[in-house]
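Undergrad: Quick one: this structure, given as structure tokens, is what I'll be asking you about.
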Amino acid sequence: MIILYSVATLGALGLIYGLVLAFASKKFHVEIDPKIEKIIEELPGANCGACGLAGCAAYAEAIVLHGEDITLCAPGGDSVIKEIASIMGIEASSADRKIAVIYCQSGGKDNTNLRYNYQGISTCKAAVMVANGPNICNYGCVSLNDCIAACKFDALHLDDNGMRVVDKDKCTGCGACGKVCPRALIEMVSKKKRVHILCKSLDKGADARKFCGNKTACIGCMLCVKKCKFDAIRVENNLATIDYEKCVNCGMCADVCPTSAIFDPLKEVRAKKREEAKKKAAAAMKAMAENKATEENK
Amino acid sequence: MELAGRIFAMAIAAIFVQNFVLARFLGLCPYIGVSKKLDSALGMGMAVVFVMTLASTFTWLIQHYLLVPLNIEFLQTIAFILTIASLVQFVEMVIQKTAPALYKSLGVFLPLITTNCAVLGVAILNIQSEYSFIFAILNGLFAGIGFTLVLVLMAGVRERMEKAEVPESMKGMPIAMIIAGGMALAFLGFAGLQF
């Protein structure tokens, strides 16, 4: 008898609970867009906050419900953007990824003008607190590599001259280096943009030129502004800056910059091409002239 | 007045003297697992308070109106687990529908405590101590508060421990165990309280 009671009681309890839960799952069903879960699966799940939202789940929700930009996940990179694009059924904006750009060409062993020899705590943050930092330029890199320490992806390295170099393949554009730089010299810029004005000095032209150890300071001469056909450069407080929205990577500004403050990776290639074109033109002229001469001789 | 006194005595007993974690050694898994961060410890604590109170209510009813009349008290454990697990599931669904904000802060912790021994423990202790219905509910509430208190204290200590200079071999779990032992010793001081 007791066995019957036990089995019946537990069976009944189980049945009742089961029914209640089944009913509740219908009654209290919350509509969750299946896309959100799919996108959560695709996202790295690091909850790093690089997208500006509280974690990957929040970002996935923002994409689906509020039409948030799908390219904000820096650690995920191109592949994640493509996956999200296919889930959302929209065209990926050719996977526009941002990477770090260091806006100073000084800061190496032989291209820095020092006002004193700093021997304190070996971080940039500490160094800039001592009489405005060891280097004469108040806007330049202090070379103590807080950015390298901050990089979680091993994307920043020192070259032979002790300059910090961004590894474009490893950089995820997370912005950690930019946050720790006390001079705010590192910014995240679209990988597609190749021409940069690598100076943040607000000193007057003559001073900037004098202070810069690399002699590549922006002196605010306005030549680039005049040269730019796309109205993409502005000079404010003795410093030229590129509006990346308008810049088309033509590199004309880099050609005219008297201090080489403007960096264009293709500058030499283009200079060579121009040189060749000139030679060709000269040769053609010469040939034409010779032709003319021979014709006249006839 | 006498009732208020009894409730107060019960609160002190459940929170300090017979603390679930440090005196009864129940719910040690979340005590170590969810005590790394203060806010998650608080979230977990709130969820436990909530579930313990509910579980006390329903298990008391099950015991006194189902198991005792049918003379099958030996099914206590399994019937209680069944009840608590379904209850938590049910509550989770209701919260998700009606209070999304609460669900976000509490929701992730609810499934963790569906079959937590501390929750089952409070239900069984309520019966063993022969509490009345109201007192069983209050006991569940106070036990939950005691659990939350200890969890939050532990999380606070461990958050500071992160920045302390701990010897390499003692970092992480070993030092957490030592802290837990120290806290249990400290709480032992309440054992002298008699009502």
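The values are calculated or read from the model by the stated rules, or taken from the named source; none is laboratory data. The model shown is predicted, which means the values in this text are computed figures rather than measured ones. Every residue, glycine among them, receives a Cβ derived from its backbone with ideal geometry; neighbour counts consider all protein chains shown. Just the protein is used for accessible areas: all its heavy atoms, side chains included, with ligands, DNA and RNA removed. Shrake-Rupley method; radii C 1.70, N 1.55, O 1.52, S 1.80 Å.
Undergrad: Counting only residues 5 or more places away or on other chains, whose amide H sits under 5 Å from the amide H of A:Asn135 once H atoms are built in the peptide plane?
TA: Distant-sequence amide H within range of A:Asn135: A:Arg115.
Undergrad: Let me ask you something else. When the accessible area of each residue in segment B:58-90 is compared between its chain alone and the complete protein assembly (1.4 Å probe; ligands, DNA and RNA ignored), which residues differ by at least 40 Å², being lower in the assembly?
TA: The answer is B:Leu70, B:Ile72, B:Leu75, B:Leu82, B:Ser86, B:Phe90.
Undergrad: I'd like the mean, over residues of A:24-34, of how many other protein chain beta carbons sit within 10 Å of each residue's own Cβ.
TA: Shielding by partners across A:24-34 averages 3.
Undergrad: If each DSSP helix of 4+ residues adds -39,500 (n - 2.57) and the sum is divided by the residues in chain B, what number results at 222 nm, nearest 500 deg cm²/dmol?
TA: About -22500 deg cm²/dmol.
Undergrad: Just for the Cα atoms in segment A:113-203, what are the lengths along the principal axes, largest first, rounded to whole Å?
TA: Principal-axis extents of segment A:113-203 (Cα, largest first): 38, 28, 25 Å.
Undergrad: If you don't mind, there's one more thing I want to ask. Using θ = phi - 60° and the Karplus relation 6.51 cos²θ - 1.76 cosθ + 1.60, list the HN-Hα couplings for segment A:105-122 in order, rounded to whole Hz, with x at every Gly or Pro.
TA: So the Karplus estimates, Gly and Pro as x, are 9, 9, x, x, 5, 10, 10, 10, 8, 9, 9, 7, 8, 7, 10, x, 4, 8 Hz.
Undergrad: How big is the equivalent ellipsoid of segment A:53-134 along its three axes, where each semi-axis is √(5λ) from the Cα gyration tensor, reported in whole Å from largest to smallest?
TA: Equivalent-ellipsoid dimensions as semi-axes: 44, 16, 9 Å.
Undergrad: Please compute the Kirkwood hydrodynamic radius of segment A:33-95 from all pairs of different C-alpha atoms, in Å with one decimal.
TA: Evaluated on segment A:33-95, it is 11.2 Å.
Undergrad: If Lys and Arg each add +1 and Asp and Glu each add -1, what is the summed charge of the other residues whose beta carbon sits under 14 Å from the beta carbon of B:Phe90?
TA: Numbers: positive: A:Lys26, A:Lys27, B:Lys97; negative: B:Glu92.
Around B:Phe90, the charge tally is +2.
Undergrad: Next question. What do you get for the angle between helix A:55-66 and the principal long axis of chain A? Use alpha-carbon atoms, 0 to 90 degrees, nearest ten.
TA: Helix A:55-66 sits at roughly 90 degrees to that axis.
Undergrad: Calculate the length of the line joining the C-alpha centroid of segment A:142-172 to that of segment A:248-298, in whole Å.
TA: Centre-to-centre (Cα) distance: 37 Å.
Undergrad: If I compute solvent accessible area with a 1.4 Å probe over the protein chains, what percent of it on segment A:33-95 is carbon and sulfur?
TA: Whole-percent figure for carbon plus sulfur exposure: 49.
Undergrad: Please label the shape of segment A:215-272 as rounded, prolate or oblate, based on the square roots a ≥ b ≥ c of the eigenvalues of the alpha-carbon gyration tensor (a/c under 1.5 means rounded; beyond that, a/b larger than b/c means prolate, else oblate).
TA: Taking the square roots of the gyration eigenvalues as a ≥ b ≥ c, segment A:215-272 is oblate.
Undergrad: Over the Cα atoms of chain A, what radius of gyration and what Dmax do you get, in Å?
TA: Gyration radius and largest Cα-Cα distance of chain A: 30.0, 133 Å.
Undergrad: Let me ask another. To the nearest 10 square angstrom, how much accessible area does B:Val68 have with a 1.4 angstrom probe?
TA: Counting only protein heavy atoms, the figure is 60 Å².
Undergrad: How high is the FRET efficiency from A:Ser25 to A:Ala283, r the C-beta distance, R0 56 Å, rounded to 0.05?
TA: FRET efficiency, A:Ser25 to A:Ala283: 0.10.
Undergrad: In terms of modelled amide H atoms, which long-range or inter-chain residues lie less than 5 Å from the amide H of A:Ile186?
TA: Here A:Tyr103 satisfy the definition.
Undergrad: Ignoring ligands, DNA and RNA, how do A:His29, B:His64, A:His66, A:His196 rank by accessible area with a 1.4 Å probe, largest first?
TA: Numbers: A:His29 100, B:His64 75, A:His66 145, A:His196 15 Å².
Result of the area sort, largest leading: A:His66, A:His29, B:His64, A:His196.
Undergrad: Next question. Quick one: net charge around A:Cys51, please, counting Lys, Arg +1 and Asp, Glu -1 for every other residue with C-beta under 9 Å from its C-beta. Numbers along the way, then the final one.
TA: Details: positive: none; negative: A:Glu68, A:Asp69.
Within the 9 Å Cβ shell, the charges total -2.
Undergrad: At 1.4 Å probe size, with no ligands or nucleic acids counted, give the accessible surface of A:Cys174 in Å², nearest ten.
TA: My reading of the accessible area for A:Cys174 is about 50 Å².
Undergrad: Here is a further query. Please list, ordered by chain and number, the residues whose modelled amide H lies under 5 Å from the amide H of A:Ile197; skip anything fewer than 5 residues away on the same chain.
TA: When sequence neighbours closer than 5 places are left aside, the close amide H contacts are A:Ile242, A:Phe263.
Undergrad: With θ set to phi - 60°, apply the Karplus curve 6.51 cos²θ - 1.76 cosθ + 1.60 along segment A:198-204 and write out the HN-Hα couplings as whole Hz, x wherever there is a Gly or Pro.
TA: 8, 7, 10, 6, 9, 5, 5
Undergrad: I'd like the Karplus ³J(HN,Hα) series for segment A:158-172: coefficients 6.51, -1.76, 1.60, θ = phi - 60°, whole numbers in Hz, and an x wherever there's a Gly or Pro.
TA: Once rounded to whole Hz, the list reads 9, 8, 4, 8, x, 8, 7, 10, 8, 7, 5, 7, 7, 5, 9.
Undergrad: How much of the accessible area of segment A:98-192, probe 1.4 Å, is carbon plus sulfur, in whole percent?
TA: Taking all protein chains in place, segment A:98-192 shows 54 percent carbon and sulfur surface.
Undergrad: How far, in degrees from 0 to 90, does helix B:133-163 lean away from the longest principal axis of the Cα atoms of chain B, to the nearest 10?
TA: 10
Undergrad: Please work out the average accessible area per residue across the protein assembly as shown, using the 1.4 Å probe convention, and give it in Å².
TA: With the other protein chains kept in place, the protein assembly as shown gives 56 Å² per residue.
Undergrad: State log₁₀ I(q)/I(0) for segment A:155-261 at q = 0.10, 0.19 Å⁻¹ as given by the Debye formula over alpha-carbon point scatterers of equal weight, solvent excluded.
TA: -0.31, -1.11
Undergrad: For chain A, set up a GNM with springs between Cα atoms under 10 Å and report which of A:Glu68, A:Glu187, A:Glu245 has the largest fluctuation.
TA: Comparing A:Glu68, A:Glu187, A:Glu245 in a Gaussian network model of chain A, the most mobile one is A:Glu245.
Undergrad: Put B:Arg24, A:Arg270, A:Arg164 in order of accessible area, largest first, 1.4 Å probe: what do you get?
TA: From most exposed to least exposed: B:Arg24, A:Arg270, A:Arg164.
Undergrad: Sticking to Cα atoms, compute the Rg of segment A:26-171 to one decimal and its Dmax as the biggest Cα-Cα distance, whole number, in Å.
TA: Final numbers for Rg and Dmax: 21.3, 74 Å.
Undergrad: Chain pair A, B: how much accessible area is buried, both chains summed, with a 1.4 Å probe, in Å² to 100? The partial results should precede the final answer.
TA: Numbers: alone 18560 and 10650 Å², together 27620 Å².
What A and B bury together is about 1600 Å².
Undergrad: On to the next question. Please express the Cα-Cα pair-distance distribution P(r) of segment B:1-158 as a list of whole percents, one per 10 Å bin, running from 0 to the bin with the greatest distance.
TA: Per 10 Å bin, starting at zero, the Cα-Cα P(r) for segment B:1-158 comes out as 11, 40, 34, 13, 1 percent.
Undergrad: Also: For segment B:1-69, give the percent of accessible area contributed by carbon and sulfur heavy atoms, probe 1.4 Å, rounded to a whole number.
TA: Solvent-exposed carbon and sulfur of segment B:1-69 make up 74 percent of the total.
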